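K.L.:
Pasting a structure here, questions to come.
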Amino acid sequence: MSETAAKMAEGSFTPELIAEMESKKGLKLRVENALFNEYATEDNIRKYVNGIGDMNPLYRDKEYAAKTRYGTIIAPPAFIFSVLGGVQFGWRGLAGFHSASDLYFFKPIRAGDKITPEETYLGFDGPRDSKFAGKTVFDWFEDKYFNQDGECVARMKRLIIRADRKKSREKGKYSSIQLPHPWTDGEVDAIEKEILAYNRTAIRGSTPRYWEDVEIGEETPELIKGPIGTTDMVAAVVAGLAPARLTAHGETVEQHEKQPAWFFRDPGTKAWEPIFAVHYNLDGAKAMGLPYPYDIGVQRHCWLAEAMTDWMGDDGWLRRCYAEYRNFVFLSDVIRIRGTVTDKFVDEDGSHVVRLKTSAMNQRGADVMPGESEIVLPSRTE
């Protein structure tokens, strides 16, 4: 790395660090400094849906929402990511990549609700061999979210992969990719026409999608995100999708003094930047071992939840949304998200359920987010 390059704290999987993290298994973490949208106000919900580009009127239009079964604006299911996306925890000097989440939704979050999260460190697997960074550790966390009545509205199990930054740079797995992607004006124009067509035709809304009408093999409309730009990342931060509160000026200097490993000096501006800035700062991304800034894992998952809720309509319920964040989605990439119905059944509680295999394909032909969702739909017999 040159003298003018960004430099981050660099650690390794020492026996001492592994023993330290072993002792923390089962620890309930302090979440205060990682909270964002504790209150699901109409304003915070609007910031969230603006931040991911969700056009569903159920989350935006008070008059529309009043006519639904909820009687009010509700938050999209993945809004929980904006309450607490996860605590930055442990493994000093090692990179952390959010790599998968398994979400279960139990109750709607209504405008005005207060959501209180809790997070538990479950433990880790590894170190194990990795093509990306020599060795990695798989870190597991469980998050629960409660409303003001003490009801659990959602639960999440998430995976963070820990890696050696220096070895990630040396491996250079993504060095052959041309970035930013060389889109032509014609290609971008065609993509934007598809996006507009989706916005105007694919959101099911108040028209019920009945369980009996769904067929195995049926595909959802294709939700397109991109080309992803810097403002898309800024909007995601405003939505609450940063894993920790971002600070500025004197507070940043104070935070750096307390936790220097969470920051790096931008070689151009000379300002302290949080490690999170790898998502919009080129020098930070390179210091992390990547060639270009990239999306946030939870941001990608929010897009998947949007595609599912658009398809199911206001009378459906997204009860599970699982996704793996594979590869990296770089700024300038275009992602196409869709689901295919693989099963339909009536469960032990009498709910009419459809199961979908989901994917998110980039312009290079890679599925960057394979997953599975389960949706409860209304039945014509009810």
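The values are calculated or read from the model by the stated rules, or taken from the named source; none is laboratory data. Just so it is clear, the structure is predicted and the values come from calculations on it, not from any experiment. Reconstructed Cβ throughout: ideal geometry from the backbone, glycine too, with neighbour counts over all protein chains shown.
K.L.:
Of a type in the set (A, V, I, L, M, F, W, C), out of contact with any Lys or Arg (no Cβ under 7 Å at 6 or more places or on another chain) and either within 30 Å of Arg69 (Cα to Cα) or not in a loop (DSSP other than H, G, I, E, B) (or both): does that describe Ile177? Break it down stepwise before answering.
P.N.:
Values: of a type in the set (A, V, I, L, M, F, W, C): yes; out of contact with any Lys or Arg (no Cβ under 7 Å at 6 or more places or on another chain): yes; either within 30 Å of Arg69 (Cα to Cα) or not in a loop (DSSP other than H, G, I, E, B) (or both): no.
In short, no.
Let's see how each residue does on (1) on the phi < 0 side of the Ramachandran plot; (2) touching a His at 6+ places or on another chain (Cβ under 7 Å); (3) surrounded by fewer than 20 Cβ atoms within 10 Å (Cβ to Cβ); (4) in contact (Cβ under 8 Å) with a residue 24 or more places away in the chain:
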| residue | (1), (2), (3), (4) |
| --- | --- |
| Leu17 | yes, no, yes, yes |
| Lys24 | yes, no, yes, yes |
| Glu38 | yes, no, yes, yes |
| Asp43 | yes, no, yes, no |
| Val49 | yes, no, no, yes |
| Ile52 | yes, no, no, yes |
| Tyr59 | yes, no, no, no |
| Tyr70 | yes, no, yes, yes |
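K.L.:
I need a count of the residues in segment 223-239 that are surrounded by fewer than 15 Cβ atoms within 10 Å (Cβ to Cβ) and either in contact with a His (Cβ under 8 Å, 6 or more places away or on another chain) or outside any helix (DSSP H, G or I) (or both).
P.N.:
1
K.L.:
OK, next. Residues in segment 124-158 that are within 20 Å of Ile18 (Cα to Cα) and without any contact (Cβ under 8 Å) to a residue 12 or more places away in the chain: how many?
P.N.:
Matching residues across segment 124-158 total 2.
K.L.:
I'm checking my understanding of the structure. Among residues of segment 260-308 that are more than 19 Å from the chain's Cα centre (by Cα) and small (Gly, Ala, Ser), which one is nearest to Gly90 (Cα to Cα)?
P.N.:
Looking at residues that are more than 19 Å from the chain's Cα centre (by Cα) and small (Gly, Ala, Ser), I get Ala261.
K.L.:
Which of the residues belonging to segment 45-99 are among the charged types (D, E, K, R), closer than 26 Å to Tyr325 by Cβ and either at pLDDT below 95 or not in a helix (DSSP H, G or I) (or both)?
P.N.:
Within segment 45-99, Asp54, Arg92 meet the criteria.
K.L.:
Still on this structure, I have one more. Among the numbered criteria (1) farther than 22 Å from His301 by Cα; (2) in a loop (DSSP other than H, G, I, E, B), which single criterion is violated by Gly186?
P.N.:
So the condition that Gly186 fails would be (2).
K.L.:
Related question: Which condition does Tyr104 not pass, out of (1) of a type in the set (Ser, Thr, Tyr); (2) over 15 Å from the mean Cα position of the chain (by Cα); (3) more than 28 Å from Leu290 (Cα to Cα), if it passes all the others?
P.N.:
(2)
K.L.:
What's the total number of residues in segment 109-139 that are of a type outside the set (D, E, K, R), crowded, with 17+ Cβ neighbours inside 10 Å, modelled with pLDDT of 95 or more and assigned to a loop (DSSP other than H, G, I, E, B)?
P.N.:
Number of matching residues: 3.
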